[in-house]
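The values are calculated or read from the model by the stated rules, or taken from the named source; none is laboratory data. Just so you know, these numbers come straight off a predicted model, no measurement behind them. Cβ coordinates were reconstructed from backbone atoms using ideal geometry, including for glycine residues, and neighbour counts include every protein chain displayed.
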Amino acid sequence: MKFHGFIATAMTAALGLGFTAATAAQDLVLGYIAAKTGPFVSLSKTNEIAAQIAVDEINAKGGVNGKKLRIETFDSSGKPEQAVVGVRTLEKDEKVLAIIGPFSSSEARVAFPIAERLKIVTMPMASSAPGLAEPFKFAFRNTSNEGYMFAQVMKTLKQKGIPVRSASIAHATDDTISKVMGTRVFPAIFEKVGIPVEDVVTFKLSAFDLSPQVSQLASSPTDLVAVGAPPEQAIKLVTEMRRQGHQGRLVAGSTIAAPDLPERMGEPGNTTTLPTTFFADLDDRTRAFAAEFARRAKAEGERTLPAQFDAATYDIVLFFAHAMEQAGVTGDPDKLEAERTAIRDRLAVMKDFPALEGSISFGPDGDALKPVYVIEIDNGKWRLLGTQQVQG
Amino acid sequence: MLEQQLVNGLMLGGIYVLVAVAFTLTIGILNFLNFSIPGVFMLSGVFTWALLKMGLPWPLAILGALAVGAVASLVVERCTYSWMRSSDHYVPLVSSMGFLILFENLVLVQWGSDLQRVVLPFADLNIRFASLVVSIPQLVSLVLAIGLVFCLRMLLQKTQMGRGLRAIAESPSTAEILGVVVARLVPMVFVIGGLFAALGGMLFALNYQQVHPFMGEEVALKGISAMVIGGMGNVWGSVLGGLLIGVVEVLSIHFFNADFVDFSVYGLLLVILFFKPTGLLGASGIVREKF
C-alpha cells in the first residue's frame, strides 16, 4: 500500500513537472538583473514591481504573439561582478530573449561587453554615464545622457530667473556615475553656460561625516552646489550644509531622483532641483500607473511613490514586447540567437514609441531620447519647474 | 576654516573613541577581539531611530537603544566567549563575527538596507562662535566619551570589581584561585563594552541623523585602528587614538581629498606600529601597564 502510494505520488509529481515545463516552454522569457541591495537600493528595489505591472498588463491583453510573457530575475546586489554573473546566468541557464537592467553605470560598464559577446540585448533603466552603450550593438539604455539632463536643469533655472552666478561641486569618487557627474558632466555644463566653479569637494559612498567637505564649501558659499552621488549622500550633504549655514541650492542629475526625497531630506532639502524623465501627475496614464504601483508596493511594504527608474523599467518591458511582436518572436529554443538579434534590430529602429514616460526613440548611441521634467523640492513636495521636450 | 576642521575632527573622533574603548575592554581583559561590537553599535543606532519613529519620548528611546545594545552584547558573551571558552582561541572570535553578520541581516530583513533619516526631537542644536559651528550633540558625545572613560578608569582602579577585572586581565586562572568569580565578572565586561558601543551608536544616530544596517562596519576599522594606535588594552590610549584618527581624517580631506583618508589613517597606523609597536600609550609589557 505504501509502495503504491509512493508510485502514485511520484507519477503525480512527474506529471506536474511535465505540465509546468510544457507551460514554461510556451512563455516568452525576459531576464531581469535586479539590484535589491547596494548603493542605489532606494531607487532600484521597487523596479521589479513596475516590470511586473507591465508584464501583467501585456498578458491580460493576450500576451505577445499569442504567448505569455514571463520574467526571470537575478539579484546582482548592485555589484558589477555580480551583474556579469547575472548576464551569463540569464543567457546560458535561463535562455532569456533579452535582459532588463542592470541598474547602474558601474554594472552596465562591465555587463555590456559580456552581453555583446553573448549577442543578447541588455537595457539598464538608470545607467546614465555618458557614452557607455555607444561602442556596442546589443547595448541600449532607457536613460538619457546625464549631460543632456543636467543641461535642461540649467536651462530651466535660467528661464525661471533663479540666481545662478556661481557654483561648486561635491561628488563621490568610488562610484562610476557619481564620479562622471562630478568630473565631467557638471564642469562641462557649467563652462558651457558661463558659470564659474568655485570649489570641488569629494567624498566616498561610505562616508557618514561630510562636515569637512561642507566646511570647505561654506568658506566661499555659492548659489549652486552640484552633487554627484546617490540620494543617501545628497541627504547627508544638504543636512550638513544647512547645519553649517550654507543656503546654496542643491542641484543634481538623475542619481538622486528618489520620489520620496522631499520627505527624506526634510526642511533642509527645500529648493533641491533635479531632472527626471517621469512625473507621476502628468496625465491620466501616469496617474493610473502611479496608483497601481502604490497598491502593489504597499502590499510589499515598499515605497509607494514610483520613481523615474520604476517608470523606465515598466517602459523597457513595453519596448521588448513591442520589438518581439514586430519581429514575430516565437520563443523557440532553436531560433534563440536569431530572435535575440531580431529584437536588437527592432529596438534600433524604434521611433516615437508611446511610452509611459512620453514619446521615446533610441539615438545612434543606444540611449533613449525622451522629455525631461525639471522638478524642485518645495516644502516637502515635488514641484514641476519646467518641461523640456526632446531635442535632436 | 582650519579651526572649523579641527572641531570637525575632534567631534568625529569622539565616535571612534567610544568604539575603540569597547574593543579595548574585551581585548585588554579577556584577550578577545570581539567582532560583534560594530553590530552592537549598529543595533543601538537603528533602535534609536526605530523607537523615535514609534513616537517614544527621546529619553525612553535612548534608554531603550542602550538596553538593546547591552542585551545584545550579553547574548554574544553567552553564545561565544562563555559557551566556547574551552575551544581554540579563534572559535569565539569567528563566532563573534557571525553575530555581527547576524545582527546586520536581522536589521536588513526588518527595515531593509536603505539609509534611514533620524528626525531629531530638538530644533537647531548648534553653538556658533563667530564662524565656528559646533554641534551640541557632538560636543556632548565628546565630553561624555571622555567622562565615561574617566569613570571606567576609576572603576577599574578603585573598586573591588575593577581589581577583579584587572586580575582576570593578568591571568584568569590565577584570578579564579584568588577568589575572583570570573564567571560573574566576564559578562560585566561584555555589558560595559556593549554599553560603550551602544552609546557610540546612539550618539552617531543623533549626530549624523542617519542609520543603516552596515553603519557599524564604517566605524569598526577606525575604532580598531584607534585602539591599536593608542595602545591595545589602554583606555586612555583609545581616547588619544580615536581623537587622532578623527583629526587626521578631516585634515586629509581638507588638504587633499577624500581619496587620501584611508591612506593617511592607515599610513599613520603603520608608522606608529613601526616605531612603537605597543601603540602611543602602550607599554612593552602589554598586560602589566594596561588600564
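Against the definition (surrounded by fewer than 23 Cβ atoms within 10 Å (Cβ to Cβ) and touching a residue at least 24 places away in the same chain (Cβ under 8 Å)), how does B:W49 come out, yes or no?
Numbers: surrounded by fewer than 23 Cβ atoms within 10 Å (Cβ to Cβ): no; touching a residue at least 24 places away in the same chain (Cβ under 8 Å): yes.
When the stated conditions are applied, B:W49 does not pass them.
Test B:I136 against the criterion of being loosely packed, with under 15 Cβ neighbours inside 10 Å, free of Cβ contacts under 8 Å to residues at least 60 places away in the same chain and within 23 Å of A:D209 (Cα to Cα), and give yes or no.
Numbers: loosely packed, with under 15 Cβ neighbours inside 10 Å: yes; free of Cβ contacts under 8 Å to residues at least 60 places away in the same chain: yes; within 23 Å of A:D209 (Cα to Cα): yes.
Here the answer is yes, as B:I136 does meet what is asked.
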Quick check: is even one residue across region A:330-337 in contact (Cβ under 8 Å) with a residue 40 or more places away in the chain, within 29 Å of A:S42 (Cα to Cα) and among the aliphatic types (A, V, I, L, M)? no
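I'd like the residue in region A:20-44 that is modelled with pLDDT under 90 and within 13 Å of chain B (Cβ to nearest Cβ) and, out of all such residues, is surrounded by the fewest Cβ atoms within 10 Å (Cβ to Cβ). Before the answer, list the steps.
Quick first cut of region A:20-44, residues modelled with pLDDT under 90 only: A:20-26, A:36-43.
Now drop any that are not within 13 Å of chain B (Cβ to nearest Cβ), which leaves A:36-43.
Numbers: A:K36: 18, A:T37: 20, A:G38: 21, A:P39: 28, A:F40: 25, A:V41: 22, A:S42: 23, A:L43: 27.
My answer is A:K36.
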Looking only at region A:237-259, count every residue that is without any contact (Cβ under 8 Å) to a residue 40 or more places away in the chain and of a type in the set (S, T, N, Q) and tell me the total. 3
For region B:110-133, give me the residue count where each residue is of a type in the set (D, E, K, R) and either under 20 Å from the mean Cα position of the chain (by Cα) or surrounded by 14 or more Cβ atoms within 10 Å (Cβ to Cβ) (or both). 2
Test result for A:P135, within 23 Å of the chain's Cα centre (by Cα), under 27 Å from A:K351 (Cα atoms), surrounded by fewer than 24 Cβ atoms within 10 Å (Cβ to Cβ) and free of Cβ contacts under 8 Å to residues at least 40 places away in the same chain: yes
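Among the residues of region B:204-228 satisfying the criterion of being in contact with a Lys or Arg (Cβ under 9 Å, 6 or more places away or on another chain) and outside any loop (DSSP other than H, G, I, E, B), which is nearest to B:M42 (Cα to Cα)? Lay out the reasoning, then the answer.
Our first condition is that a residue be in contact with a Lys or Arg (Cβ under 9 Å, 6 or more places away or on another chain); within region B:204-228, this holds for B:208-211.
Checking which are outside any loop (DSSP other than H, G, I, E, B) leaves us with B:208, B:210-211.
Working: B:Y208: 13, B:Q210: 11, B:V211: 8 Å.
Among those that are in contact with a Lys or Arg (Cβ under 9 Å, 6 or more places away or on another chain) and outside any loop (DSSP other than H, G, I, E, B), it is B:V211.
Matching residues to (1) surrounded by 21 or more Cβ atoms within 10 Å (Cβ to Cβ); (2) touching a Phe, Trp or Tyr at 6+ places or on another chain (Cβ under 7 Å); (3) in contact (Cβ under 8 Å) with a residue 12 or more places away in the chain:
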{"residue": "A:E116", "(1), (2), (3)": "no, yes, yes"}
{"residue": "A:G161", "(1), (2), (3)": "no, no, no"}
{"residue": "A:A172", "(1), (2), (3)": "yes, yes, yes"}
{"residue": "A:T183", "(1), (2), (3)": "no, no, yes"}
{"residue": "A:I189", "(1), (2), (3)": "yes, yes, yes"}
{"residue": "A:G194", "(1), (2), (3)": "no, no, no"}
{"residue": "A:E198", "(1), (2), (3)": "no, no, yes"}
{"residue": "A:Q213", "(1), (2), (3)": "yes, yes, yes"}
{"residue": "A:L217", "(1), (2), (3)": "yes, no, yes"}
Checking B:F99 against (1) aromatic (F, W, Y); (2) within 13 Å of chain A (Cβ to nearest Cβ); (3) touching a Ser or Thr at 6+ places or on another chain (Cβ under 7 Å), only one condition comes out false. Which one? (2)
Scan region A:188-245 for residues that are part of a loop (DSSP other than H, G, I, E, B), within 11 Å of chain B (Cβ to nearest Cβ), over 22 Å from B:V134 (Cβ atoms) and in contact with a Leu (Cβ under 8 Å, 6 or more places away or on another chain) and jot them down. A:P230
Scanning region B:248-263 for residues that are surrounded by 18 or more Cβ atoms within 10 Å (Cβ to Cβ) and more than 10 Å from chain A (Cβ to nearest Cβ) gives B:V248
Confirm whether B:P213 is within 11 Å of another protein chain (Cβ to nearest Cβ), at pLDDT 90 or above and either in contact with a Cys (Cβ under 7 Å, 6 or more places away or on another chain) or within 23 Å of B:C79 (Cα to Cα) (or both). yes
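In this structure, does A:A60 turn out to be surrounded by fewer than 17 Cβ atoms within 10 Å (Cβ to Cβ) and either without any contact (Cβ under 8 Å) to a residue 60 or more places away in the chain or not small (G, A, S) (or both)?
Details: surrounded by fewer than 17 Cβ atoms within 10 Å (Cβ to Cβ): yes; either without any contact (Cβ under 8 Å) to a residue 60 or more places away in the chain or not small (G, A, S) (or both): yes.
Against the criterion (surrounded by fewer than 17 Cβ atoms within 10 Å (Cβ to Cβ) and either without any contact (Cβ under 8 Å) to a residue 60 or more places away in the chain or not small (G, A, S) (or both)), A:A60 qualifies.
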2 or more residues within 14 Å of chain B (Cβ to nearest Cβ) and either surrounded by 22 or more Cβ atoms within 10 Å (Cβ to Cβ) or at pLDDT 95 or above (or both): qualifying helices (runs of 4 or more DSSP H) within region A:250-364: A:261-265
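Hey, among the residues in region B:139-151 that are surrounded by fewer than 18 Cβ atoms within 10 Å (Cβ to Cβ) and touching a residue at least 12 places away in the same chain (Cβ under 8 Å), which one's nearest to B:L244 (Cα to Cα)? Write out each step before concluding.
As a first pass, look at region B:139-151 and keep what is surrounded by fewer than 18 Cβ atoms within 10 Å (Cβ to Cβ): B:140, B:143-144, B:146-147, B:150-151.
Narrowing further to those that are touching a residue at least 12 places away in the same chain (Cβ under 8 Å): B:140, B:144, B:146.
Details: B:V140: 18, B:L144: 17, B:I146: 14 Å.
Out of the qualifying residues, it is B:I146.
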Test: residue in region A:159-182 that is more than 20 Å from the chain's Cα centre (by Cα), within 14 Å of chain B (Cβ to nearest Cβ) and in a loop (DSSP other than H, G, I, E, B): yes
Exclusive hit being outside any helix (DSSP H, G or I), in contact (Cβ under 8 Å) with a residue 40 or more places away in the chain and under 26 Å from B:G164 (Cβ atoms), set B:G279, B:G237: B:G279
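Applying the selection to region B:126-137, what residues are touching a strand residue (DSSP E or B) at 6+ places or on another chain (Cβ under 9 Å) and more than 9 Å from chain A (Cβ to nearest Cβ)?
Here is the first cut: in region B:126-137, the residues touching a strand residue (DSSP E or B) at 6+ places or on another chain (Cβ under 9 Å) are B:126-128, B:133-136.
Passing the criteria: B:I127, B:V134, B:I136.
Of the residues B:L165, B:L156, B:L199, only one is away from chain A (no Cβ under 14 Å), surrounded by 24 or more Cβ atoms within 10 Å (Cβ to Cβ) and modelled with pLDDT under 90; which?
Details: B:L156 fails: surrounded by 24 or more Cβ atoms within 10 Å (Cβ to Cβ); B:L199 fails: modelled with pLDDT under 90.
Criteria check complete, one pass: B:L165.
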Regarding B:G242, is this residue part of a helix (DSSP H, G or I), within 19 Å of B:E77 (Cα to Cα) and touching a residue at least 12 places away in the same chain (Cβ under 8 Å)? no
